[in-house]
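Since every read-out is calculated from the coordinates, none of them should be taken as a lab result. Everything quoted here is computed from the prediction, not taken from an experiment. Backbone-built Cβ (ideal geometry, glycine too); neighbour counts: all protein chains shown.
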Amino acid sequence: MWPPAQTADGDERNINHHMGGSSHTRRPEEAVRRRMQAQFGCIHRDEALALGLSRRQIDRLLLEGRWRRVRPSVYRIAGIPPTWEQKVFSALAWAGRSAVASHLTAARRWRFEGFSTKAIHLSTNGAWRRPPDGVIVHRVGHCVLSHAANVGGIRVTSMPRTVFDLIAGGNEHGDSVLDQAIRRRGTFFGQMWLLLDEPWTHRHRGIATVRRAMEQRTPMRASTQIDLADPLRRLMRSSRLPAPVPEFAVELPSGLIHIDLAYPLLKLAIECDGYGSHMDPTSFERDRARDAELMALGWRVLRFTWAQITYRPDWVLEQVRGRLTT
């Protein structure tokens with residue numbers, strides 16, 4: 001159910017003892033023992049059943065005090081001292097596969113400094129359930145698993161997503177965590193700006209705060225629409241792609257527009273989305289409506305953002321080259 005985690009030798013001996021581990025242990029009990037060893041001494045009831053333990057065996061382990069209930073339907077080995085990691089893992093086991101540790105819990109797992117947290121923060125798009133004591137559940141409207149990482153056997157939000165959640169949520173440690181992430185990981189700028197390209201962020205109530213924090217720390221701030229077409233055109237020229245026509249006029253049913261870069265004979269439109277003029281929800285919807293009108297007239301539309309042009313230039317060129325040859 002969960003990726004392997006490191007377990008101290010002493011803990012492994014405790015698990016062997018409390019599960020009755022020996023060379024004569026039956027296969028289901030051995031499988032459960034190994035799974036708990038890899039999961040900070042924890043297991044969900046459904047997982048134990050799937051590995052072959054019967055309900056009667058589980059109830060007996062609880063009755064005899066060899067297992068302790070730590071969350072609804074989640075148990076741990078009684079002889080293993082509780083740890084913070086075990087608390088996080090047991091909360092994830094309770095919440096299910098659609099959940100990840102997030103916010104300050106993820107920040108602590110990423111080893112950011114300058115704060116402490118007792119509550120366990122989880123993010124999920126699964127069905128709502130009343131969380132157990134000490135667990136805070138953040139409901140998200142999209143699949144948070146696309147921004148998940150395994151850090152020491154615990155599933156957490158990725159570093160960029162963790163920083164985003166803290167700043168967007170107005171957490172007092174958000175700016176500090178952002179600065180630490182920038183110092184620790186040279187690729188963080190690109191990862192963070194690419195995260196801000198994702199459509200779900202455009203409607204997030206904290207997106208403006210996150211963008212502002214990033215712009216203050218980015219050596220070359222995100223360009224406007226007018227500035228962005230020039231570096232894209234230089235990039236295309238350096239790769240010996242055919243020269244596009246800049247500011248090509250097209251009459252749409254809704255009115256006259258100018259395509260940033262166009263190949264009129266191929267009816268290929270390339271639009272540059274600068275953060276200054278395209279990333280608020282109204283502009284985002286207007287651009288998509290314009291794209292729909294272009295496509296109704298037979299045009300193909302490519303849109304690239306400042307982050308994509310700056311941090312994924314090879315991918316941008318691949319997209320253009322692919323459209324020019326098809």
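When DSSP beta bridges are restricted to pairs lying wholly in the chain, around 65% turn out antiparallel. Taking amide H as placed 1.01 Å from N in the peptide plane, Leu252 has its amide H under 5 Å from the amide H of Ile257, each at least 5 places away in sequence or on another chain. Each principal axis of region 97-217 carries a Cα extent, and these read 39, 30, 24 Å when sorted largest first. For Ser158, the residues whose amide H sits under 5 Å from its own are Ala148, Ala149, ignoring neighbours fewer than 5 places away on the same chain, with H placed 1.01 Å from N. Of all DSSP beta bridges confined to region 225-324, the antiparallel ones make up roughly 60%.
Once you list every other residue whose beta carbon is under 14 Å from the beta carbon of Leu266, what net charge do they have if Lys and Arg are +1 and Asp and Glu are -1? Charge balance near Leu266 sits at +4.
Panel note: the C-alpha atoms of the chain, placed on their principal axes, show extents of 79, 42, 36 Å (largest first).
Quick one: divide the alpha-carbon radius of gyration of region 225-324 by 2.2 N^0.38 Å and tell me what you get.
1.02
Normalising the average separation of contacting C-alpha pairs (under 8 angstrom, six or more residues apart) by the number of residues puts the relative contact order of region 225-324 at 26 percent. Taking amide hydrogens as placed 1.01 Å from N in the peptide plane, the amide H of Thr305 sits under 5 Å from those of Asp273, each at least 5 positions away in sequence or on another chain. Computed from Cα positions, the angle between helix 159-168 and the longest principal axis of the chain comes to roughly 80 degrees.
Protection proxy ranking for 239-250, 254-265, using the average of other Cβ atoms within 10 Å per residue and placing the highest first: 254-265, 239-250. Hull volume per residue, based on the alpha-carbon atoms of region 28-169 and their convex hull, is 114 Å³. Counting every other Cβ atom within 10 Å of each residue's Cβ, Ile207, Ile43, Ile80 order from fewest to most as Ile207, Ile80, Ile43.
Computed on the chain, with alpha-carbon pairs under 8 angstrom and 6+ residues apart, the relative contact order is 11 percent. Only helical runs count toward this figure. For the chain, summing -39,500 (n - 2.57) over DSSP H runs of n ≥ 4 and dividing by all residues gives -13500 deg cm²/dmol at 222 nm.
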